[in-house]
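Asker: Got a structure here, written out as structure tokens. Questions coming.
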Amino acid sequence: MTLPSAPAPSRRIPPRPAAMAASPAYGEEKGGSSSLGEPEYGHDPASGGIFSSDYKRHDDLKEMLDSNKDSLKLEAMKRIVAMIARGKNASDLFPAVVKNVACKNIEVKKLVYVYLVRYAEEQQDLALLSISTFQRGLKDPNQLIRASALRVLSSIRVPIIVPIMMLAIKEAASDMSPYVRKTAAHAIPKLYSLDSDQKDQLIEVIEKLLADKTTLVAGSVVMAFEEVCPERIDLIHKNYRKLCNLLIDVEEWGQVVIINMLTRYARTQFLSPNQNESLLEESAEKAFYGSEEEDAKDAKAEAASLAKRKPYVMDPDHRLLLRNTKPLLQSRNAAVVMAVAQLYFHLAPKAEVGVIAKALVRLLRSHSEVQYVVLQNVATMSIKRRGMFEPYLKSFYIRSTDPTQIKILKLEVLTNLANETNISTILREFQTYIRSMDKDFVAATIQAIGRCATNIGKVRDTCLNGLVQLLSNRDELVVAESVVVIKKLLQMQPAQHSEIIKHMAKLTDNIQVPMARASILWLIGEYCEHVPKIAPDVLRKMAKSFTNEEDIVKLQVINLAAKLYLTNSKQSKLLTQYVLNLAKYDQNYDIRDRARFIRQLIVPTEKSGALNKYAKKLFLAQKPAPILESSFKDRDHFQLGSLSHLLNAKAVGYQELPDWPDEAPDPSVRNVEVPEWTKCTSREKRKEKVEKPFYSDSEGESGPTESADSEPESVSEESGSSSSSSSSSSGSEEEEDEDEEEGSGEQSEDKEEEEEKRLKRKEKEGSQKAAPGSAGSPSEEEEEEEGAKKAKKKKAPQGRKGHAETSSEEASASESSSSGSDSGSETEAKQRKAPPSSRAGPKEISLLDLDDFTPPPPQPIPSSSIVSTSLVTDLEGLTLTDTSLAPALLSPAFGAVRTYELLHRMAGEGLSVEYCFSRRPFPGDPHMVAVQIQISNNTDAEVKSLRVSEPKPLSGMRIQEFPEIERLAPGDTASVVMGIDFCDSTQAANFQLCTHTRHFYVSIQPPVGELMAPVFMSENEFKKEQGKLTGMSEITEKVTLPEKCRSDHAIVQQVTSAANVGRVPCGADNEYRFAAKTVTSGSLVLITLERREGAAAQLTVNSEKMVIGTMLVKDIVQALAQ
Amino acid sequence: MIHSLFLINASGDIFLEKHWKSVVSRSVCDYFFEAQERASEAENVPPVIPTPHHYLLSVYRHKIFFVAVIQSEVPPLFVIEFLHRVVDTFQDYFGSTNVGDQLPTGQLSVVPWRRTGVKYTNNEAYFDVIEEIDAIIDKSGSTITAEIQGVIDACVKLTGMPDLTLSFMNPRLLDDVSFHPCVRFKRWESERILSFIPPDGNFRLLSYHVSAQNLVAIPVYVKHNISFRDSSSLGRFEITVGPKQTMGKTVEGVMVTSQMPKGVLNMTLTPSQGTHIFDPVTKLLSWDVGKINPQKLPSLKGSMTLQAGTSKPDENPTINLQFKIQQLAISGLKVNRLDMYGEKYKPFKGIKYMTKAGKFQVRT
């Protein structure tokens, strides 16, 4: 089984279009080779007349295959493969074809392979002749030949060669070429399907390949895992983080497979993020995602900070998965987007699931088949999480040109999304739909209206009236559907609607659709007491036409008769008898049975026993109103995006999505040993980090922080894979021999190195030239390839050496940057110095204005211009990550975010309110401090319309209130975010917190450390700014550091917890620097902590806001003393 | 995964088959034909059809069904997306003149989407910003929903391994984007800059969506008066198309199509410009308008012959509109600059804007 990749089929295409172009090509071919008859019809029994000439015809082909000319062989093979493609039998040519398996011409060879794969199963003995060729191919120096030999060997389904295949797979799994290893992974499921006894051995190979660190192999081996041993979750543990980190660089199809597998994995290993349904999380996250520049690190910080307050802590590995899959929502591949969407749906905290809606809605622009599948999934999701799709309501509006099946699915989604606020818009849309020419769609719309009416009481009467109007529609199908739906609606409150029932009674004269007639009759029978005059008359008419009715109508006529007999026997006794007599002789035995049964039940005779007494109870019992609900309800017990979900039935090979465990399994199983090479500059720190239950080093390095660091420098030099830094740092210690890795490691910081790289790349290009070319280019010669391979071999050691050097360099660079971002290191400074030096460059380079088509002015592009003009914004982004990272990485031991009380539950009469400073930018206004407020309702009544009112801010202070909380159930907790512009003062913001009954006066007083937001600056900039802020603006204080607060780690943590500041790199060992800007005025606040001997230290704060400076010093000193 | 693939043409012949595992008899397609019959129209054939032993997943393109046979659980979109890629590849391969250029060859390349050793004498890079307006306009002319969907299609013929960055004047307009795999996502996240090593030749760099929250300028309006009179067997039909918010650009390539109700037997119409056809069998009216001249608005007037004896149809036809506006991206999106790194030569660069009607419907 091949894991499809887009190029695969095309490689099988013979180079001449005619060979593939089906029927038209056939004519062409015939014309082109007139001397040769019609091979294609050779084995068509219908063409018996030319049967004999056929054999001659095949003799021709055989002759061509036997000839010495490759061109003739190629021509013959093309025709044979064309026959196969058209489904004609070409098996008798097997001996002639198989001889050519050793042919030197690679084109012929490829086609022979195609033939072999098709017929080897049927001609096992002959197929064995070809095996030795493949075995030879497996040893070929050219990786492409090795791979293709393995591919064919594993594709010919001949059980006798199972041991050979097993051996070949094992060998290929340790091949030095990742491409061959990938092919080995592909071969595993094929062998498994041929002989499942090999499972244990195959699992060993899978285990080995799972440990592979290349993106090329990852997708394929997970596919093999899924096919062979999906239950062996334990094999994933050690590779989990690696897979998460590689994911973005894996090819699209592999991404789908990995994401689906990891969804299942996560369900077995982590706890449900929604186990204690906290509104707090929800609203906080919402505000967070609302902001433009979001960063996944923030979410981690959030998770960590929540950890303090709540029993649930998201496993960092769980977060890692969510974070690393999210960018893939932007994939162009619908399957990838769907895979991420289902992952989020099944794994993400409720509040975060919303991000997938936009991407799914985007897919609705795609081909109709894609729409079909996506809409099915949206339909299921929209039942569980209606709010998610509500903003996109209009995207589900129906166009007259949509195919009916799409229309009906959109209708389903619209119905699921309907609520009290949007129902009027939706009904207006429905009105348009009812006038559509597509009657199936109209019928579905009527049912949808029925569902809206049952679900939303407010509009029930409106809907019912609308449907009643439809009863006079000219189209019978419309009327019939309306009747059926009205019947269901009326069952909910029959008493008020006798008018409608009367109206419907009249319809029996005209309407012919059996289902509708039956519905009307049932309705009249059921509610005959509401229409005492009409009911017997209807029965009279029906008795007249009884013999001509459809069976379902007849049954209902009997039903009506019986009910009338019980309620109004005076008027209907004779009619009932008449009807029952007619039914007695009906052709249909169901109807005869029913008549007999009912007669015994309602007409008292001597024989009819005890049941007679209960007849009325039996027939006129209260019947529960039918529940109109979506057919997509509860479909999410199937993994979304799966075939089983789509069919709503378990498909063969479907792996159940497990329920979350109650207790989290041991997370340490995912820990990986730290590789040797990390022993670089900051060995101790690294160790410390590993001991903490945080991400493995590889994870830390590939996180957004790190790449934000490295990208500005590596803009032009970075290879194609966008997060190559992750693969280079995590994999470079042993992957030097691989093309993949060679390219990805190219990050350079200065020109010289860049130059060096360029040279090297040229070299590499040369060596690779042959390899990719032969994958698809038909003209490639085997010899040529071999030559190239040899050339490469010669070059390899040299190239490898060079690369090894740089890779270790890179490793140290990236490593230090990552360690810098969590605990600080000296090397960071070195790195950060780089940007300013090259910043001047790009501004002068005016490239072309793209608005016109004139050729660009002949200006050289200096190679130093690799730093983008928007470096500043880039760096700002970096700052963001820094801050959010700080609490996350430092939190476990100390409170990440301090919580303050706003309203005590006693004072608040059961309502308790707490707040904290989330340290996120407040969306919508950068001058406001975001205050996260958590409101718990400890009363036993619902608290309604919670809101802020009458803020009484001091002059200049502004308050952005949180959106009103409509209701808060007893025991529930809600969290909201409000923004306050404190005007850089620690004055309290006063306002009232109102419920529907009470007002509470409250105030929020910010600690001075929360009035600022971190900024990034380099050491030089820091010094420069510090130089400007001396004298009055500088406040110095001596500090004595207590015992436990002497490590770098502890100091940084204490300072960052006291104030929302960002770390600034520092060259000196004994100094710590931090920088921030006040939120309102943007004044710089610079903090320097210089350690002296022993416990002594000196704290300096530079800020033009002297009050802030003074208070900050006090707060930091206090924090450090703790 | 995919066991077998069958290609079925419009007349129901299986003209091509391919098997990746054991051969699945083509009789499995009978289930497909059954479903096709039930669906009456090709576009309504369910893309996933369960059969006793297999699942048939199909896509319909170029009047050909591509039917994949599946035996076990697989994400349906995986197969469907893959089939569409197959069709795209076929289209590239058979459809274009420079066969061979299009074939992906980068399996082993560092940059899998780009072949190595690309050489051109004229190095050029063209980008087309194409925006489509999807809209539903109601009877009274007010917009029910309008969205802009855009793409940037590129034709890049550059020697070597160029590394391009493309930046926008107003990247914030882009509400939702999806990228060619060559685009570095993190760079976009942090700087809103498209940074990529382009594939060779034609490719779609980016698809984007401009949020529905932004007001979408609707460049044309349609005035219509379509009435079926109950008493007579004649109906009146009159439509006029005019420019609305076109930013001073000409609206061209205007085409109006409308599916008339079954009761309409024939139409006698006179266009003020362009040509029109009414097909009495399919009841499809199409009017090729051409350019809109704001001084003299194009109109199509006349009468409809309705089936005698039957009452008037209750539905009014929907009018579908196509049009093009050159040199305009209706969202206001503008490319700021395109820079190339990694290679020494100076490429020729060009960018073109165009606005088109997507699914543009006017309800009457």
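Asker: Out of B:306, B:338, report the one residue that is at pLDDT 90 or above and either within 10 Å of another protein chain (Cβ to nearest Cβ) or more than 26 Å from the chain's Cα centre (by Cα) (or both). Step through it out loud before you land on a result.
Answerer: On the way: B:306 fails: at pLDDT 90 or above.
Answer to the check: B:338.
Asker: Sticking with this one: Has the range A:327-343 got any residue that is over 21 Å from residue B:79 (Cα atoms) and either in contact with a strand residue (DSSP E or B) (Cβ under 9 Å, 6 or more places away or on another chain) or of a type in the set (A, V, I, L, M, F, W, C) (or both)?
Answerer: Initially, the range A:327-343 is screened for residues over 21 Å from residue B:79 (Cα atoms), giving A:327.
Within this subset, residues satisfying the condition of being either in contact with a strand residue (DSSP E or B) (Cβ under 9 Å, 6 or more places away or on another chain) or of a type in the set (A, V, I, L, M, F, W, C) (or both) are none.
There is no residue in the range A:327-343 that is over 21 Å from residue B:79 (Cα atoms) and either in contact with a strand residue (DSSP E or B) (Cβ under 9 Å, 6 or more places away or on another chain) or of a type in the set (A, V, I, L, M, F, W, C) (or both).
Asker: Continuing with the same structure: Out of (1) under 35 Å from the mean Cα position of the chain (by Cα); (2) under 17 Å from residue A:1079 (Cα atoms), the odd one out for residue A:983 is which?
Answerer: Single failed check for residue A:983: (1).
Asker: Looking at the range B:155-177, is at least one residue without any contact (Cβ under 8 Å) to a residue 60 or more places away in the chain, at the interface with chain A (Cβ under 7 Å from one of its Cβ atoms) and among the acidic types (Asp, Glu)? Full working, then the answer.
Answerer: As a first pass, look at the range B:155-177 and keep what is without any contact (Cβ under 8 Å) to a residue 60 or more places away in the chain: B:155-157, B:171-172, B:175-177.
If we keep only those that are at the interface with chain A (Cβ under 7 Å from one of its Cβ atoms) too, we end up with B:176-177.
Subsequent filtering for residues that are among the acidic types (Asp, Glu) retains B:176.
Checked against the condition, which is being without any contact (Cβ under 8 Å) to a residue 60 or more places away in the chain, at the interface with chain A (Cβ under 7 Å from one of its Cβ atoms) and among the acidic types (Asp, Glu), the range B:155-177 yields at least one hit.
Asker: While we're looking at this one, here's another question. Among the candidates B:320, B:316, single out the residue that is under 26 Å from residue B:274 (Cβ atoms), within 10 Å of another protein chain (Cβ to nearest Cβ) and at pLDDT below 90. Walk me through it before giving the result.
Answerer: Details: B:320 fails: at pLDDT below 90.
After ruling out the rest, the residue left standing is B:316.
Condition check ((1) of a type in the set (A, V, I, L, M, F, W, C); (2) under 15 Å from residue B:224 (Cα atoms); (3) not in a strand (DSSP E or B)) across all residues:
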| position | (1), (2), (3) |
| --- | --- |
| B:266 | no, no, no |
| B:269 | yes, yes, no |
| B:282 | no, no, yes |
| B:287 | yes, yes, no |
| B:301 | no, yes, no |
| B:308 | yes, no, yes |
| B:317 | no, yes, yes |
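Asker: Starting from residues that are at pLDDT 85 or above and small (Gly, Ala, Ser), keep the ones in the range A:1063-1082 and report whichever is farthest from residue A:916 (Cα to Cα).
Answerer: Applying the filter and picking the extreme gives A:1075.
Asker: Of all residues in the range B:18-77, count the ones that are among the aliphatic types (A, V, I, L, M) and more than 31 Å from the chain's Cα centre (by Cα).
Answerer: Filtering the range B:18-77 down to residues among the aliphatic types (A, V, I, L, M) leaves B:23-24, B:28, B:35, B:39, B:42, B:45, B:48-49, B:56-57, B:59, B:64, B:67-70, B:74, B:77.
Narrowing the set further to residues that are more than 31 Å from the chain's Cα centre (by Cα) leaves B:23-24, B:28.
Total satisfying the criteria: 3.
Asker: Moving on. What number of residues within the range B:48-66 are of a type in the set (A, V, I, L, M, F, W, C), within 7 Å of chain A (Cβ to nearest Cβ) and over 21 Å from residue B:91 (Cα atoms)? Full working, then the answer.
Answerer: From the range B:48-66, those of a type in the set (A, V, I, L, M, F, W, C) are B:48-49, B:56-57, B:59, B:64-66; that's our starting set.
From the residues that got through so far, the ones that are within 7 Å of chain A (Cβ to nearest Cβ) too are B:48, B:59.
From what's left, over 21 Å from residue B:91 (Cα atoms): B:48.
Looking only at that region, the number is 1.
Asker: Taking residue A:497 as meeting all but one of (1) closer than 29 Å to residue B:260 by Cβ; (2) crowded, with 20+ Cβ neighbours inside 10 Å, write down the number of the exception.
Answerer: The one condition residue A:497 does not meet is (1).
Asker: Taking the range A:1072-1116 only, how many residues are of a type in the set (Val, Ile, Thr), within 25 Å of residue A:987 (Cα to Cα), buried (at least 16 other Cβ atoms within 10 Å of the Cβ) and in contact (Cβ under 8 Å) with a residue 40 or more places away in the chain?
Answerer: Residues of the range A:1072-1116 that are of a type in the set (Val, Ile, Thr), as a first pass: A:1078-1080, A:1085, A:1087-1088, A:1100-1101, A:1107-1108, A:1110, A:1113, A:1116.
From what's left, within 25 Å of residue A:987 (Cα to Cα): A:1078-1080, A:1085, A:1087, A:1100-1101, A:1107-1108, A:1110, A:1113, A:1116.
Imposing the further condition that a residue be buried (at least 16 other Cβ atoms within 10 Å of the Cβ) reduces the set to A:1078-1080, A:1085, A:1087, A:1100-1101, A:1108, A:1113, A:1116.
After this cut, where a residue has to be in contact (Cβ under 8 Å) with a residue 40 or more places away in the chain as well, the list is A:1078-1080, A:1085, A:1100-1101, A:1108, A:1113, A:1116.
Qualifying residue count, the range A:1072-1116: 9.
Asker: Further, regarding this structure: Scanning for something in contact with a strand residue (DSSP E or B) (Cβ under 7 Å, 6 or more places away or on another chain), surrounded by fewer than 20 Cβ atoms within 10 Å (Cβ to Cβ) and modelled with pLDDT of 50 or more, does the range A:925-934 turn up at least one residue?
Answerer: Narrowing the range A:925-934 to residues in contact with a strand residue (DSSP E or B) (Cβ under 7 Å, 6 or more places away or on another chain): A:925, A:927-934.
If we keep only those that are surrounded by fewer than 20 Cβ atoms within 10 Å (Cβ to Cβ) too, we end up with A:925, A:927.
When the remaining residues are screened for being modelled with pLDDT of 50 or more, the result is A:925, A:927.
Scanning the range A:925-934, I find at least one residue that is in contact with a strand residue (DSSP E or B) (Cβ under 7 Å, 6 or more places away or on another chain), surrounded by fewer than 20 Cβ atoms within 10 Å (Cβ to Cβ) and modelled with pLDDT of 50 or more, so the answer is yes.
Asker: Looking for whichever is more than 18 Å from residue A:373 (Cα to Cα), buried (at least 18 other Cβ atoms within 10 Å of the Cβ), more than 8 Å from every other protein chain (Cβ to nearest Cβ) and of a type in the set (Val, Ile, Thr) here; the options are B:69, B:24, B:45. Which one fits?
Answerer: Values: B:69 fails: more than 18 Å from residue A:373 (Cα to Cα); B:45 fails: more than 18 Å from residue A:373 (Cα to Cα).
Going through B:69, B:24, B:45 in turn, just one is more than 18 Å from residue A:373 (Cα to Cα), buried (at least 18 other Cβ atoms within 10 Å of the Cβ), more than 8 Å from every other protein chain (Cβ to nearest Cβ) and of a type in the set (Val, Ile, Thr): B:24.
Asker: OK, next. I'm trying to understand the selection: among the residues of the range B:348-364, which are more than 7 Å from chain A (Cβ to nearest Cβ) and modelled with pLDDT of 90 or more?
Answerer: Looking only at the range B:348-364, we keep the residues that are more than 7 Å from chain A (Cβ to nearest Cβ), and these are B:352-358, B:360, B:362, B:364.
Hits for the range B:348-364 are B:352, B:353, B:354, B:355, B:356, B:357, B:358, B:360, B:362.
Asker: I'd like to check something: does the range B:283-303 contain any residue that is touching a strand residue (DSSP E or B) at 6+ places or on another chain (Cβ under 9 Å) and within 13 Å of chain A (Cβ to nearest Cβ)?
Answerer: Checked against the condition, which is being touching a strand residue (DSSP E or B) at 6+ places or on another chain (Cβ under 9 Å) and within 13 Å of chain A (Cβ to nearest Cβ), the range B:283-303 yields at least one hit.
Asker: Is one or more of the residues making up the range A:198-207 in contact with a Phe, Trp or Tyr (Cβ under 6 Å, 6 or more places away or on another chain) and under 24 Å from residue A:637 (Cβ atoms)?
Answerer: Checking the range A:198-207: not a single residue is in contact with a Phe, Trp or Tyr (Cβ under 6 Å, 6 or more places away or on another chain) and under 24 Å from residue A:637 (Cβ atoms).
Asker: I'd like to check something: does the range B:279-286 contain any residue that is farther than 23 Å from residue B:128 by Cα, buried (at least 18 other Cβ atoms within 10 Å of the Cβ) and among the acidic types (Asp, Glu)? Reasoning before the result, please.
Answerer: Start the filter on the range B:279-286 by keeping residues that are farther than 23 Å from residue B:128 by Cα, which leaves B:279-286.
Checking the rest, the ones that are also buried (at least 18 other Cβ atoms within 10 Å of the Cβ) come to B:283, B:285.
Retained after the next criterion (residues that are among the acidic types (Asp, Glu)): none.
No, the range B:279-286 contains no residue that is farther than 23 Å from residue B:128 by Cα, buried (at least 18 other Cβ atoms within 10 Å of the Cβ) and among the acidic types (Asp, Glu).
Asker: Among (1) closer than 28 Å to residue A:1093 by Cα; (2) modelled with pLDDT of 80 or more; (3) surrounded by fewer than 20 Cβ atoms within 10 Å (Cβ to Cβ), which single condition is residue A:1039 missing?
Answerer: Tallying (1) closer than 28 Å to residue A:1093 by Cα; (2) modelled with pLDDT of 80 or more; (3) surrounded by fewer than 20 Cβ atoms within 10 Å (Cβ to Cβ), residue A:1039 fails exactly one: (3).
Asker: Let me ask something else. Does residue A:66 satisfy being modelled with pLDDT under 85, of a type in the set (D, E, K, R) and surrounded by fewer than 17 Cβ atoms within 10 Å (Cβ to Cβ)?
Answerer: no
Asker: Of all residues in the range B:1-21, count the ones that are modelled with pLDDT of 90 or more and more than 10 Å from chain A (Cβ to nearest Cβ).
Answerer: The total comes to 2.
Asker: Could you run through the range B:193-239 and say how many residues are of a type outside the set (A, V, I, L, M, F, W, C), over 30 Å from residue B:173 (Cβ atoms), surrounded by 16 or more Cβ atoms within 10 Å (Cβ to Cβ) and modelled with pLDDT under 90? Walk me through it before giving the result.
Answerer: Here is the first cut: in the range B:193-239, the residues of a type outside the set (A, V, I, L, M, F, W, C) are B:195, B:198-202, B:204, B:207-209, B:211, B:213-214, B:219, B:221, B:223-225, B:227, B:229-233, B:235-236, B:238.
Of the ones still in play, those that are also over 30 Å from residue B:173 (Cβ atoms) are B:223-225, B:227, B:229-233, B:235-236, B:238.
Right, trim to surrounded by 16 or more Cβ atoms within 10 Å (Cβ to Cβ) and you get B:224, B:233, B:235.
So of that shortlist, the ones also modelled with pLDDT under 90 come out as B:233, B:235.
Count: 2.
Asker: Does residue B:77 meet the test of being surrounded by 22 or more Cβ atoms within 10 Å (Cβ to Cβ) and within 8 Å of chain A (Cβ to nearest Cβ)? Steps first, answer last, please.
Answerer: On the way: surrounded by 22 or more Cβ atoms within 10 Å (Cβ to Cβ): yes; within 8 Å of chain A (Cβ to nearest Cβ): yes.
Criteria met by residue B:77.
Okay, residues lined up against (1) in contact with a strand residue (DSSP E or B) (Cβ under 6 Å, 6 or more places away or on another chain); (2) polar (S, T, N, Q); (3) over 24 Å from residue B:112 (Cβ atoms):
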| site | (1), (2), (3) |
| --- | --- |
| A:193 | no, yes, yes |
| A:199 | no, no, yes |
| A:211 | no, no, no |
| A:220 | no, yes, no |
| A:230 | no, no, yes |
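Asker: Can you find a residue that is outside any strand (DSSP E or B), in contact with a Phe, Trp or Tyr (Cβ under 6 Å, 6 or more places away or on another chain) and either modelled with pLDDT under 80 or not charged (D, E, K, R) (or both) anywhere in the range A:968-982?
Answerer: Of the range A:968-982, the ones outside any strand (DSSP E or B) are A:969-972, A:982.
Then keep just the ones that are in contact with a Phe, Trp or Tyr (Cβ under 6 Å, 6 or more places away or on another chain); that gives none.
Checking the range A:968-982: not a single residue is outside any strand (DSSP E or B), in contact with a Phe, Trp or Tyr (Cβ under 6 Å, 6 or more places away or on another chain) and either modelled with pLDDT under 80 or not charged (D, E, K, R) (or both).
Asker: Follow-up question, since we're still on this one. Taking residue A:412, is it closer than 24 Å to residue A:474 by Cα, of a type in the set (Asp, Glu) and buried (at least 18 other Cβ atoms within 10 Å of the Cβ)? Show your work before the answer.
Answerer: Numbers: closer than 24 Å to residue A:474 by Cα: no; of a type in the set (Asp, Glu): yes; buried (at least 18 other Cβ atoms within 10 Å of the Cβ): yes.
No; evaluated as a whole, the condition is false for this residue.
Asker: Give me the residue from the range A:355-402 that is within 16 Å of residue A:418 (Cβ to Cβ), part of a loop (DSSP other than H, G, I, E, B) and at the interface with chain B (Cβ under 10 Å from one of its Cβ atoms) and, out of that set, farthest from the chain's Cα centre (by Cα).
Answerer: A:398
Asker: Residues in the range A:637-649: is at least one touching a Phe, Trp or Tyr at 6+ places or on another chain (Cβ under 9 Å), surrounded by 19 or more Cβ atoms within 10 Å (Cβ to Cβ), in a helix (DSSP H, G or I) and more than 14 Å from chain B (Cβ to nearest Cβ)?
Answerer: no
Asker: A further question follows. So residue A:628 passes all but one of these: (1) outside any helix (DSSP H, G or I); (2) free of Cβ contacts under 8 Å to residues at least 40 places away in the same chain. Which condition number does it fail?
Answerer: Checking residue A:628 against (1) outside any helix (DSSP H, G or I); (2) free of Cβ contacts under 8 Å to residues at least 40 places away in the same chain, the one that fails is (2).
The values are calculated or read from the model by the stated rules, or taken from the named source; none is laboratory data. Keep in mind that what you see is a predicted model, and the values were worked out from it rather than measured. Don't worry about glycine lacking a Cβ; one is built from the backbone with ideal geometry, like all the others, and counts go over all protein chains shown.
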